[in-house]
Amino acid sequence: MYILGIESSCDDTSAAVISDGRLLSNVIASQKVHERYGGVVPELASRAHQENIVPVVSEALREAGISKEELSAIAFTRGPGLLGSLLVGTSFAKGLSIALSIPLIDVNHLHGHVLSHFIRRNEGDEVPEFPFICLLISGGNSQIVLARSENDMEILGKTIDDAAGEAFDKCAKLMGLPYPGGPHIDRLAAEGDPDKFKFAKPHIPGLDYSFSGLKTSFLYTVRDELKKDPDFIEKNRADLAASLQKTIIEILLDKLGKAVKEHTVKHIAIGGGVSANSGVRQAVKDFCDKRGIRAWIPERVFTTDNAAMVAQAGFFKMKTGEFCSLEAPPYSRVSI
């Protein structure tokens, strides 16, 4: 059984092939055009998807060593994401489904990130045990998810304003760093003093997150210091990055700790683009080690948007016969 996964929710065009739950290929075409604008431009993203979708799918099939006629089903990201980008992937998946007379499987992008830990390159690869908690952190989402099974997930807490990844990128932009700013913050943080600057932390009840106050605190700190010294950012860039990263990690782990107290689990996973951050990865590992909990840290290639996670989520849905009609439209927003 071969499943083709297609991911086009934002600015990465990706295709992957899974055979009976084992990954055979995962091809990603990133879009560099957005760097000059300091963020993703939706119209440019959808146009780039149109250019990339055919060669990316062709390469995924070639690497998997199969022809399109051998496919059993097509899984595609239906949402959430940029509607124009989603339309490209959705339309291509539907067209190929009709041409090959094989079923469609729609995948929630957020489900894909949670289930990315079940991607197996080899038969003996270990996977998490249900139930587990997943800290899903990216540019658009910051959520604590309780996964009871492949198709039973509950959001325990989520951001009420900005996401952790957005905080990284917006603060990086204030420092004059290129887009996306997260990887640059990660690199600089390794060279800086995480205790040099103190930034505001939110006091939000329950398990919900907030990062807007942190961004404002960072902005005011930089603005006030620049009045005293025009070269402040240049002199303190590494320390600013390290202090920002430490604050974001502390905010994330504070709520994660509360979630673990409320829900007994033996496994904790992280997912989404921010889970590629070195500081976050180490902090979650240390957090779990202290509590005797198994930490699941994804390969970095599976932290960003990728079709392997879409194909994996599709594999689970295919086993239970959950297929999608050709009339199903993509959606820009949806809960997990």
- Estimated Rh, the chain: Kirkwood, alpha-carbon pairs, angstrom: 20.5
- Task: Counting helices only, and only those DSSP H runs with n ≥ 4, report the 222 nm mean residue ellipticity of the chain as the sum of -39,500 (n - 2.57) divided by its residues, in deg cm²/dmol to the nearest 500.
- Result: -14000 deg cm²/dmol
- List the lysines whose Cα lies under 22 Å from the Cα of Lys32, skipping any in the same chain that are fewer than 8 positions away. Lys170, Lys173
- Item | Number of Lys pairs (Cα under 28 Å; 8 or more positions apart or on different chains) in region 208-336 | 29
- Item | Inter-part distance where region 1-31 and region 69-143 are each reduced to a Cα centre, Å | 8
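Could you do me a favour and compute the accessible area per residue for the chain, 1.4 Å probe, result in Å²?
43
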- With a Cα-only, solvent-free Debye model of region 1-82, what are the log10 I(q)/I(0) values at q = 0.25 Å⁻¹? -1.13
- Message: In whole percent, and with a 1.4 Å probe on the protein chains, what portion of the accessible area of region 1-76 is carbon and sulfur?
- Response: 45
- Task: Take the Cβ-Cβ distance between Glu322 and Lys228 as r, set R0 to 56 Å, and report the resulting FRET efficiency rounded to the nearest 0.05.
- Result: 0.40
- Message: Looking at the calculated P(r) for region 41-95, what percent of the C-alpha pair distances fall above 13 Å?
- Response: 63
- Query: Largest first, what is the accessible-area ranking of Ser58, Ser149 with a 1.4 Å probe?
  - Reply: Ser58, Ser149
- Message: Can you compute the modelled spin-label distance between Lys32 and His263, with each label point 7 Å from Cα toward Cβ, in nm?
- Response: 4.1
- Task: Could you state, as a whole-number percent, how many of the C-alpha pairs of region 165-236 are farther apart than 14 Å?
- Result: 66
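Please report, as a whole percent, how much of the solvent-accessible surface of region 210-336 comes from carbon and sulfur atoms (probe radius 1.4 Å).
Reported share for carbon and sulfur atoms: 51 percent.
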- The correct pair for region 91-224, radius of gyration to one decimal and Dmax as a whole number, both in Å and from Cα atoms, is 19.5, 63
- Loop-resident sites, region 222-309, for trypsin sites (Lys or Arg not before Pro), counting at most 15 other Cβ within 10 Å (DSSP): Lys266
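The values are calculated or read from the model by the stated rules, or taken from the named source; none is laboratory data. Worth saying up front: this structure is predicted, and the values here are computed from it rather than measured. Every residue, glycine among them, receives a Cβ derived from its backbone with ideal geometry; neighbour counts consider all protein chains shown. For accessibility, only protein heavy atoms count, side chains too; no ligands or nucleic acids. Shrake-Rupley method; radii C 1.70, N 1.55, O 1.52, S 1.80 Å.
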